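Encoded as structure tokens, the structure appears first; notes follow it.
The values are calculated or read from the model by the stated rules, or taken from the named source; none is laboratory data. Just so you know, these numbers come straight off a predicted model, no measurement behind them. Every residue, glycine as well, gets a Cβ built from its backbone with ideal geometry; the counts of neighbours run over all protein chains shown.
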């Protein structure tokens with residue numbers, strides 16, 4: 001894994017894309033320059049590209065001048081995350097450049113630790129189907145790997161539950177939660193030296209396990225005899 005400081009030193013400029021929450025956030029980070037950030041409403045298919053255009057115009061840059069891409073792989077809005085991944089893969093096909101991903105809940109967990117939140121605590125987001133994405137911060141300041149847990153297990157976790165207020169939720173939390181923000185400009189500025197970023201050759205949404213597709217045996221199509229009567 002790499003830190004933001006290391007990525008800027010290696011690539012000079014980073015285009016950050018995050019459509020995991022109800023607000024699409026785009027950032028242009030350059031070594032030795034103030035960061036540029038844009039955010040817009042929930043329609044990632046539009047907000048993502050208008051944000052990129054606005055940042056590049058203000059900086060006087062073309063997309064070809066970007067050194068690397070950084071994006072949120074999840075958890076969060078699958079449609080938004082896949083839109084960002086598709087955009088990056090398209091831009092890489094035009095001009096190959098590195099891409100790095102990070103996860104939303106560990107990012108929040110690091111910020112809560114920095115702010116002095118009492119341990120243990122947990123950061124959760126709705127995973128649907130009676131389950132929740134979760135990272136747990138133990139008494140030794142260790143942050144667990146991202147998990148997907150059933151409602152009953154989340155409810156029984158020791159310590160407080162924190163939930164990013166900007167994330168969509170389709171079900172009530174397993175028990176009382178506290179809100180934590182998801183302002184990337186603030187989160188990135190506060191954590192320049194945390195190992196948050198992983199190189200990826202195939203930008204895509206995070207998944208706890210590889211998808212499984214049901215196979216059907218091949219059959220010769222035959223017209224329904226009843227239909228011929």
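Mind listing just one residue for me: the one in segment 192-229 that is at pLDDT below 95 and within 30 Å of residue 159 (Cβ to Cβ) and, of those, farthest from the chain's Cα centre (by Cα)? Checked segment 192-229; the qualifying residue farthest from the chain's Cα centre (by Cα) is 209.
Which one is surrounded by the most Cβ atoms within 10 Å (Cβ to Cβ) among residues in segment 43-62 that are more than 21 Å from residue 8 (Cα to Cα) and touching a residue at least 24 places away in the same chain (Cβ under 8 Å)? Explain how you work it out, then say what you get.
Restricting attention to segment 43-62, the residues satisfying the condition of being more than 21 Å from residue 8 (Cα to Cα) are 43-50.
Keeping just the survivors that are touching a residue at least 24 places away in the same chain (Cβ under 8 Å) gives 44-45, 47-49.
Values: 44: 26, 45: 13, 47: 21, 48: 23, 49: 15.
Among them, the one singled out is 44.
Answer yes or no as to whether residue 74 is surrounded by 22 or more Cβ atoms within 10 Å (Cβ to Cβ) and either at positive phi or not assigned by TED's automatic domain parsing to the domain that holds residue 30 (or both). Here the answer is yes, as residue 74 does meet what is asked. The single condition from (1) surrounded by fewer than 22 Cβ atoms within 10 Å (Cβ to Cβ); (2) within 18 Å of the chain's Cα centre (by Cα); (3) not in a loop (DSSP other than H, G, I, E, B) that residue 133 fails is (1). Every test in (1) part of a strand (DSSP E or B); (2) surrounded by fewer than 21 Cβ atoms within 10 Å (Cβ to Cβ) is passed by residue 25 save one, and that test is (2). Considering (1) in contact with a helix residue (DSSP H, G or I) (Cβ under 9 Å, 6 or more places away or on another chain); (2) on the phi > 0 side of the Ramachandran plot, the lone condition that residue 60 does not fulfil carries the number (1).
Residue-by-condition table, conditions (1) in contact with a strand residue (DSSP E or B) (Cβ under 6 Å, 6 or more places away or on another chain); (2) more than 22 Å from residue 28 (Cα to Cα); (3) surrounded by fewer than 19 Cβ atoms within 10 Å (Cβ to Cβ); (4) not assigned by TED's automatic domain parsing to the domain that holds residue 17:
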site	(1), (2), (3), (4)
80	no, no, no, no
94	no, no, yes, no
129	no, yes, yes, yes
137	yes, yes, no, yes
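Every listed requirement among (1) closer than 19 Å to residue 20 by Cα; (2) crowded, with 16+ Cβ neighbours inside 10 Å; (3) not assigned by TED's automatic domain parsing to the domain that holds residue 42 is met by residue 88 save one, (3).
Just checking: which of the strands (runs of 3 or more DSSP E) contained wholly in segment 140-187 hold 3 or more residues that are surrounded by 14 or more Cβ atoms within 10 Å (Cβ to Cβ) and assigned by TED's automatic domain parsing to the domain that holds residue 121? Give the derivation first.
Working: elements: 147-150, 160-164, 177-180.
Strands (runs of 3 or more DSSP E) meeting the threshold: 147-150, 160-164.
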